[in-house]
Amino acid sequence: MSGKRGKQVKNGCMRYLSNRMFMLLTVYMALTGAVSLSALVTDPVPGWLPVFMLTVLAAGIFYLVFRVIIPYRRGENRLHLYMEGLTIPRADSATAMTPETEELMKQMREMMSSKQVLSLSKRQAQYLALQNQINPHFLYNTLESIRSEALIGGLSDVADMTEALATFFRYTISKVENLVSVEEELRNCQTYFYIQKYRFGDRLELTVECDPVDRDGIYACRLPKLTMQPILENSIIHGTEMKLGTGHIVISLERTDSRINIRISDDGTGMDTQTLQKMNDDLARSGKVLLEHEEADNKGEKGGIALINVNNRIRLLFGEQYGLHVDSVKGVGTDVEISIPAVTSDRDIRNDKNGDK
Amino acid sequence: MPVSETLRIEHAGFISTGGVKLDNFSMSMLKGEIMGLVPVDGYGIDALFELLQSNPPLNYGYVYMREKIVNSWDRRGNKMNRVSIIRGRSALAGKLTVADNVFVLRHGFRKYVIRPEQLAKQLQPFMDEAGVDIPADKYADELSEYERIAVEIIKAAVAGSWLIAIDEPEALVSAADLRRLNDMLGRYSAQGFTILYVSSHYEDLVSLCDRIAIMENGQVIKVFKAGDRLPGINGLITNGMRGYGPEMPERIRIARREAYSVRKVLAFENVSEGRIYRMNMELAAGQCVLINNIDRREIACLESLISGRIIPEGGAVSIDGVRLEGPAGRKIAVIPPEPENTLLYPDMSYMDNLCMTLDERIKDIWRNRSIRKSLRQEAGKTAAPDIFDVPVSQLSAEEKKELVYKRILLQRPQAVMVIQPFRASGITSRRHTADLIRQLLDKGTAVIIVSAGMNDAIMITDDIVQYAVSLQ
């Protein structure tokens, strides 16, 4: 017998709130009836009867509070947070009013399953080539031809740039896995930065900070593909592009016992408190924001969604305890912290990560 | 080796009485780290301490201690966290000795027979480790503020606290003691204790902390590393202090002095009482003096002397040239720390609280409605008209503080003693307090600011009295 089924049998029908309430009512009515009858036929009323009734009442209240009201409130809170877009519905004893509601929850969850939303996210995560039916090999061959021509013509800068661009596209388009190592992702960031350097020159500096002792451990950890690069892109485009003077971007990687914390900081223009608050609110309810964005996109309205997209993918893969958080002060700079579990194997990542740690 | 994370708060939303206290609050602290926290507006600090210590129900978010979830929106933690919070109010039992406080009141102390000598012996290594020398048999009531904080830190260390949070120590101890305290915290941090250091003075935190978080409106808006030299940081910190940071223009200060200096309203002549020995001080109307470097025991003594509750053993206290022989009544006002929580009647209306100390100045204040009506019209020029009938409990902390100072403005005492006015408040709140004190000065009231530190008060004072305990 599987563990899950065993648990179901153990919980029995009392896992549903409706059954608990029904049971409580039945027991209460049966006892009240029995006691009333015994009081009618027995004269005088026995001394133990009030004590018994009080005990039954106390037990009933206790059961009502701890087995019905509190689970109901918890379920209500969970649904409220789901409506706000803060969490994903979960079918368990706390929310299941009846078997049908439990089934409904399951279906809703399946609708929002990782696969579907991930594919949505992937599409938004710039799998442009597949969407636009560009043949990647055709693209690489063309870039390789440009590089050869540039080398023949003595234009080494153009050749290097073309090579970087090809490397970047190869990682972005051809690598189809969902999860990559931190090292691969970091290398892609450096390639992207290398390309941007041609545009910004000395106006842009990138530093990677990582404790040498922990480096191997951190680099081996897994994270969703294209997690860091969109944030780096944001830092360059929104943070330092508008800034006068040199913009410094720092990627710092840190490992704790159970997490990897990646912080991408810029000393660019930053954002005001209201924008920051909205950004963090959107990140907290990123599932809903992503769907709203989809609707806006369908109507032809465009808007930046990179951070929310990355956050959503992390939360779907690893759980709601992980994700992004933004700190920023106008005129000082912006930090984006990515928090992911420290796992080195794809098999360690469980499918169901919705906060039930 | 990966470091261990002592604290992680993720997207915490915490609603308490009076609204949202923490909004999308995220912060993490590593083991052995000293994290500075600068509250720009002071909002949410109390809620943060509550969140750290007692796991209240969250609206949303997660709290981890030592990488284990202790509280979340989903499941409320039902245990207290091992977090020690050191604030202005003592957490020690005053009638017990230092050793008793450290060992006997500790969780898990099981002995039935307590041997003070043995406890004193056990305490000594901890004292040495902390670099302090406090007698183990000294009663907690007799400790100086520095000693009290040091004992609370030792107590936290002995109890194996995961996190020690210290709130605005610079407002409680002198600059020299603060340095000793910071050294002590540095030593504990090197031993692996995690320390959260709340202070409104960013510049003081730079040399002590590994990272500094800036908190505004109930959320962390930026975290700096100690070595960060980002342009604009000074602007960020002083933004909240605009109008307060720049010192009072000298010409205004001189004009104010000239206007009032003729009349001496308060004088201490060779006053000796308790720990105060031969104190001399003279205050003119509209003059502001900072008494610095002073401990809570001397503050209590000074408060009693100035309000006439005790007559000094030696010397004399005079108000307006008259020797004080009994209670000074409404001629003197004393504003304790955090007056919004102690000087107001929360169930009474704003108006009733405003009139509370006017009985001496306007005899018929409670019987005569027309006086109260005209008072209301007068006060309405600087306050919202609909605020007068609102119970004080429904006002914000800033409004309450303003009410306290307005009441004293109406009372028109000769002198006001303000005790640690800048304690436990954010940068903007300090600015507000400074403005309120300035209003008192402008009305010709002499103000004595009593504070251990001088960082904030120095902006509004004319003179500084460096207090030193003399050995009699």
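Summary of values
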| item | result |
| --- | --- |
| Evaluation of A:Ile173 against (1) surrounded by 17 or more Cβ atoms within 10 Å (Cβ to Cβ); (2) out of contact with any Pro (no Cβ under 7 Å at 6 or more places or on another chain); (3) among the aliphatic types (A, V, I, L, M) (one fails), failing number | (2) |
| Qualifying positions in the range A:226-245 - at pLDDT below 85 and in a loop (DSSP other than H, G, I, E, B) | A:Glu241, A:Met242, A:Lys243, A:Leu244, A:Gly245 |
| Matching option when the condition is more than 14 Å from chain A (Cβ to nearest Cβ) and among the basic types (Lys, Arg), among B:Arg87, B:Arg76 | B:Arg87 |
| Test: residue in the range A:280-302 that is within 13 Å of chain B (Cβ to nearest Cβ), assigned to a helix (DSSP H, G or I), closer than 21 Å to B:Gly13 by Cβ and modelled with pLDDT under 75 | yes |
| Number of the exception - B:Met127 against (1) touching a helix residue (DSSP H, G or I) at 6+ places or on another chain (Cβ under 8 Å); (2) under 30 Å from B:Gly13 (Cβ atoms) | (2) |
| Residue list for the range A:1-16, restricted to those being part of a helix (DSSP H, G or I), more than 21 Å from A:Val56 (Cβ to Cβ) and either at pLDDT 60 or above or touching a Leu at 6+ places or on another chain (Cβ under 9 Å) (or both) | A:Gly12, A:Cys13, A:Arg15 |
| Selection count where residues are modelled with pLDDT under 85, part of a helix (DSSP H, G or I) and of a type in the set (Gly, Ala, Ser), scope the range A:149-165 | 2 |
| Residue within the range B:101-116 that is crowded, with 16+ Cβ neighbours inside 10 Å and of a type outside the set (A, V, I, L, M, F, W, C) present | yes |
| Of all residues making up the range B:1-22, the number that are assigned to a strand (DSSP E or B) and either without any contact (Cβ under 8 Å) to a residue 24 or more places away in the chain or within 7 Å of another protein chain (Cβ to nearest Cβ) (or both) | 5 |
| Residue list for the range B:123-137, filter: touching a residue at least 40 places away in the same chain (Cβ under 8 Å) and of a type in the set (A, V, I, L, M, F, W, C) | B:Ala130, B:Val132 |
| Residue among B:Lys406, B:Lys401 that alone is touching a Leu at 6+ places or on another chain (Cβ under 8 Å), part of a helix (DSSP H, G or I) and closer than 26 Å to B:Ile86 by Cα | B:Lys401 |
| Pick from the range A:234-255, criterion of a type in the set (Gly, Ala, Ser) and under 23 Å from the mean Cα position of the chain (by Cα), ranking: farthest from the other protein chains (Cβ to nearest Cβ) | A:Ser235 |
| The range A:304-357: number of residues that are at pLDDT 85 or above, within 13 Å of the chain's Cα centre (by Cα) and outside any helix (DSSP H, G or I) | 8 |
| All positions within the range A:207-221 that are in contact with a Ser or Thr (Cβ under 6 Å, 6 or more places away or on another chain) and outside any helix (DSSP H, G or I) | A:Glu209, A:Cys221 |
| From B:Glu282, B:Glu338, B:Glu269, residue being at positive phi and of a type in the set (D, E, K, R) | B:Glu338 |
| B:Pro391 being modelled with pLDDT of 85 or more, out of contact with any Phe, Trp or Tyr (no Cβ under 6 Å at 6 or more places or on another chain), buried (at least 20 other Cβ atoms within 10 Å of the Cβ) and more than 30 Å from B:Pro169 (Cα to Cα) | no |
| Residue within the range B:136-145 that is buried (at least 23 other Cβ atoms within 10 Å of the Cβ) and either under 20 Å from B:Ile85 (Cβ atoms) or touching a strand residue (DSSP E or B) at 6+ places or on another chain (Cβ under 8 Å) (or both) present | yes |
| Any hit, the range A:50-64, residues being touching a strand residue (DSSP E or B) at 6+ places or on another chain (Cβ under 9 Å) and modelled with pLDDT under 85 | no |
| In the range A:166-182, residue modelled with the highest pLDDT [restricted to those that are touching a Lys or Arg at 6+ places or on another chain (Cβ under 9 Å) and assigned to a helix (DSSP H, G or I)] | A:Val182 |
| Among (1) within 10 Å of another protein chain (Cβ to nearest Cβ); (2) touching a residue at least 40 places away in the same chain (Cβ under 8 Å); (3) among the polar types (S, T, N, Q) - the single one B:Ser28 does not satisfy | (2) |
| Output for the range B:39-73, where each listed residue is farther than 16 Å from B:Ala397 by Cβ, hydrophobic (A, V, I, L, M, F, W, C) and within 13 Å of another protein chain (Cβ to nearest Cβ) | B:Leu58, B:Val63, B:Met65, B:Ile69, B:Val70, B:Trp73 |
| Hits in the range B:412-441 - residues which are under 25 Å from B:Val317 (Cβ atoms) and surrounded by fewer than 21 Cβ atoms within 10 Å (Cβ to Cβ) | B:Arg412, B:Gln414 |
| Residue that is touching a residue at least 24 places away in the same chain (Cβ under 8 Å) and hydroxyl-bearing (Ser, Thr, Tyr), where the choices are B:Ser393, B:Ser374 | B:Ser393 |
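Residue-wise test of (1) within 14 Å of another protein chain (Cβ to nearest Cβ); (2) buried (at least 16 other Cβ atoms within 10 Å of the Cβ); (3) modelled with pLDDT of 90 or more.
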site	(1), (2), (3)
B:Arg211	yes, yes, yes
B:Phe224	yes, yes, no
B:Ile233	yes, yes, no
B:Arg251	no, no, no
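The values are calculated or read from the model by the stated rules, or taken from the named source; none is laboratory data. This one's a predicted model, so the numbers in the text were calculated from it and none came from an experiment. All Cβ positions, glycine included, derive from the backbone under ideal geometry; neighbour counts span all protein chains shown.
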